[in-house]
Each structure stands twice: as structure tokens, then as C-alpha cells.
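Take a look at the structure set out below.
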Amino acid sequence: MMSLLISFVFLMQMISIYRTFIFLLLTAGLLFSVACNKESYTPPSPFNNPDNDSTDTTINIKRLLALGDSYTIGQGVTEPDRFPNQTINLLRAQGIQVKYPATIVAQTGWTTQALLNGIVNASSTISGTYDLVTLLIGVNNQYQGRDTIEYRIQFNQCLDKAISFAGNQKQRVFVLSIPDYGVTPFGSGNAAQIALEIDRFNAINKDVCIQRGINYTDITPSTREAANDPGLICSDSLHPSGIEYAKWARMLAPKMLPVIQ
């Protein structure tokens, strides 16, 4: 009886050892398989993933630089109403990617010399080449009684700067004529003389642009419509309203579109 009991205990111990051996063997095989699969696994690369196409982040966004005075900075109107920004929105509506808002170097009261000084002072904020550059300057030369000969010289210098910012590609530069503020309540007391002098300054900037092959947009006739439409003048009784600036933008955008498409 004792011998049978010993034999039974021995048999149970052997079975337990056998089960442990089988368990360890299976575990080792599983770990080996996982290790092999891990070594051969290649994580997905964002460069090979069509859902992360790098071309989506490399769109060539155009930039517009506007140089000038109160008409360019949009004295009396909000940022979206400024003519450079309205122009950008028209270009965007045609599917052209243009950075918004425009880079503007302009101040109320600036003459041609003040703009040249302002460009120097803004050198840290103006970087690289711009796809489009606008230039509108001269009303304060007229207002301050500055000499027209001086204006021709300094306007050429301002134009040189504009061309340089455009990467020396003249087709990217767009000059606007000087508005006639004589039709506004501010200038109504001397409207005829203001109109005469504005025409003299515009004759100079237009002549320079023709000689140098620069695109010229004559906005002066449009600004004179304010004599019969107060809605074209902003609340300060001197500067254009967003409605008038929108007309300038509609003149500029079709000219700019072929240049940057």
C-alpha cells in the first residue's frame, strides 16, 4: 500500500514538472516570435503617407508691399477697407494665394522724402522680395507747396525702391496717381487751385512711369466723383471711404492677376 502511494506522488510530481516545461517552452516561443516581428517592423513615415503630403504645406504664398502716405495706410477707414487689402481679397477670390494683410510702409502726412526715410526706418520689417508693390505718393508735396522738380527727383528715388523690393522686376510695380482732395469738404474752399496743382504732380509721376515702363493707374478721375457723392468720403471729410478704395482695388486687381498667376 505504501509503495502505491509513493508511486502516485512521484507520478503527480512528474506531471507537474512536465506542465511547467511545456509552459516555459511555449512562452519562449511566443517571445521569440514577437522579437522577430519587432525587428522586421518599419513604422510608417510621414513622407510616404498620402494623408500627410508635404506639398500641402509648400504653397507659394504671394506678398504685397504698399508704399505711400495716408491714402495707402487708409486714414479714416478700418484695415479691411484699405485699398491694398481690398486688392488682396479680389486676388484671393480668383484663387491666388496672397498673404493678408498687405505689408504697408506709409504714414499720414508723408512726402516723397518722408517715404524714403520711412523705408530706411522700416528696413527691419521689410524682408525679401515682394510679388507685388504699389506706390502712391505726392499729395503732401503738393499740400506743403513743395517744388515739382524736387518731386520728380524724389519720386524717381521712391520708384527705385519699389522696383528693388519687387526683385528688380518692373512688371510687379504698380503706381497710382494722386487723388484730388479739392472735391472734399476739407478742400472745397480752394478746389480749383488744388485740382490744378494735383494735375501738375500727376503729370510728373505719369511721365516718369511711361519713361521707365511702369504700370500706371489713374485713380484721380474716380476720386473727383466725390464732388457729387459724399459716400465716397470717410467721416474725416478729407480721405476716401472704403467704397472709393474698393474702386481702386477693382482697377488694380485685373492688372496684377496676369503678373502673379
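Laboratory data are not the source of any read-out in this text; all were calculated from the coordinates shown. Owing to the predicted nature of the structure, the values given are computational and were not obtained by experimental measurement. Cβ sites come from the backbone with ideal geometry, for glycine too, and all protein chains shown count toward neighbours.
Worth a mention:
- Thr72 in contact with a Leu (Cβ under 9 Å, 6 or more places away or on another chain) and surrounded by 15 or more Cβ atoms within 10 Å (Cβ to Cβ): yes
- Residues in the range 127-148 that are in a loop (DSSP other than H, G, I, E, B) and buried (at least 20 other Cβ atoms within 10 Å of the Cβ): Tyr130, Asp131, Ile137, Gly138.
- Residue list for the range 202-239, restricted to those being touching a Lys or Arg at 6+ places or on another chain (Cβ under 9 Å) and not in a helix (DSSP H, G or I): Gly213, Ile214, Asn215, Tyr216, Thr217, Asp218, Ile219
- Being surrounded by 22 or more Cβ atoms within 10 Å (Cβ to Cβ) and within 15 Å of the chain's Cα centre (by Cα) is a description that applies to Thr87.
- Considered as a group, the residues in the range 246-261 that are in contact with a Phe, Trp or Tyr (Cβ under 9 Å, 6 or more places away or on another chain) and buried (at least 19 other Cβ atoms within 10 Å of the Cβ) include one that is farthest from Ile233 (Cα to Cα), and that residue is Met256.
- Those residues of the range 94-112 which are within 14 Å of the chain's Cα centre (by Cα) and among the aliphatic types (A, V, I, L, M), in sequence order: Ile96, Val98, Ala102, Ile104, Val105
- Of the criteria (1) in contact with a Ser or Thr (Cβ under 7 Å, 6 or more places away or on another chain); (2) outside any loop (DSSP other than H, G, I, E, B), which one Gly167 fails: (2)
- Within the range 73-126, tally of residues that are part of a helix (DSSP H, G or I) and of a type in the set (S, T, N, Q): 8
- Of all residues in the range 203-257, those that are out of contact with any helix residue (DSSP H, G or I) (no Cβ under 9 Å at 6 or more places or on another chain) and within 18 Å of Leu64 (Cβ to Cβ) total 1.
- Matching residues, the range 190-217, being exposed (fewer than 13 other Cβ atoms within 10 Å of the Cβ), of a type outside the set (Gly, Ala, Ser) and within 16 Å of Phe174 (Cβ to Cβ): Ile210
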